[in-house]
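Step one of this worksheet: look at the structure below.
What follows draws every value from the coordinates through simple rules; no lab data is involved. Treat the numbers as computed from the prediction; the structure is a model and nothing was measured. Backbone-built Cβ (ideal geometry, glycine too); neighbour counts: all protein chains shown.
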Amino acid sequence: LFDSMKVGAERIRDIVLSLRNFSRLDQAEMKPVDIHEGIESTLLILQHRLKKDSLHSGIEVIKNYGQLPRIFCYASELNQVFMNLLSNAIDALEEIRNSGEVSDKKPTISIYTEMASSNSVRIRIADNGSGMTEDVKKKIFDPFFTTKPVGSGTGLGLSISYQIVVDKHNGKLSCVSSSGLGTEFIIEMPISQ
């Protein structure tokens with residue numbers, strides 16, 4: 001009983017620390033941040049959507065992190081970008097799962113980080129979902145555009161992410177996707193502003 005209580009308390013502590021790290025409420029200014037820490041906090045918050053349950057297999061997350069220096073950024077806002085991109089990837093994979101389509105490929109999200117140049121980093125978040133058409137891809141960063149059913153999406157996640165990466169951090173946010181071949185979002189950000 002004590003062991004069970006200890007494990008439960010440790011899990012609660014990890015989640016609280018993760019939420020604190022994710023929100024960075026005490027750090028509103030731009031400062032050097034470990035990008036991988038932000039990605040890991042976001043994954044921990046989303047783990048309930050990634051896990052296997054009685055009806056569905058889980059979503060596999062493949063992480064391939066490069067050696068990155070700390071990046072000067074607004075940490076809580078950048079974590080919001082990770083949350084939006086990862087949530088959308090999970091939604092795309094769940095959409096396939098819920099449609100009843102039979103697929104032999106395991107639902108997977110891949111996260112890669114690497115140096116893009118001597119003063120910039122690249123973060124790529126990809127899913128092996130159904131992808132999107134060219135028409136949809138042209139509109140994804142438009143405010144209020146969504147492909148989700150009425151009531152389940154605001155159409156603001158990617159628009160806000162674009163503003164955070166491009167306007168606030170002088171970076172780039174782009175999308176590579178083809179119908180049937182999944183989607184990849186690519187963030188490029190300068191290490192220092």
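Could you work out the longest stretch of the chain that avoids the GluC sites (Glu not before Pro) located in DSSP loops with at most 14 other Cβ atoms within 10 Å?
No qualifying site falls inside 102-193, the longest such stretch.
Using unit Cβ charges (K, R positive; D, E negative) and no other charged atoms, how large, in debye to the nearest 20, is the dipole of region 2-190 about its Cα centre?
Its charge dipole is roughly 160 debye.
What distance in nm separates the two pseudo spin-label positions at E94 and R49, each 7 Å out from Cα along the beta-carbon direction?
0.6
Say each of F144 and D3 gets a label point 7 Å from the Cα, pointing the same way as Cα to Cβ; how far apart are those two points in nm?
Taking the simple label geometry, F144 and D3 are separated by 5.7 nm.
Please tell me which of these pairs span more than 21 angstrom C-alpha to C-alpha: K148/K168; K63/K148; K138/K172; K31/K51; K52/K106?
Pairs exceeding 21 Å: K148/K168; K63/K148; K31/K51.
How many nm separate the modelled label positions at I15 and Y112, each set 7 Å beyond the Cα in the direction of the Cβ?
Here the answer is 3.4 nm between the modelled labels.
Based solely on its DSSP helices, what 222 nm [θ] is calculated for the chain when runs of n ≥ 4 H residues each add -39,500 (n - 2.57) and the sum is averaged over all residues, nearest 500 deg cm²/dmol? Write out the running numbers ahead of the final one.
Working: 5 runs with 75 residues, N = 193.
Value at 222 nm, helices only: -12500 deg cm²/dmol.
Just order 104-112, 124-132 by mean Cβ neighbour count inside 10 Å, highest at the front, would you?
The peptides rank, most packed first, as 124-132, 104-112.
So what's the Cα pair-distance distribution over the chain, bin width 5 Å, in %?
It works out to 1, 7, 15, 19, 19, 16, 11, 7, 3, 1, 0, 0, in whole percents.
Mind listing the Cα extents of region 111-193 along all three principal axes, in Å, largest one first?
42, 26, 19
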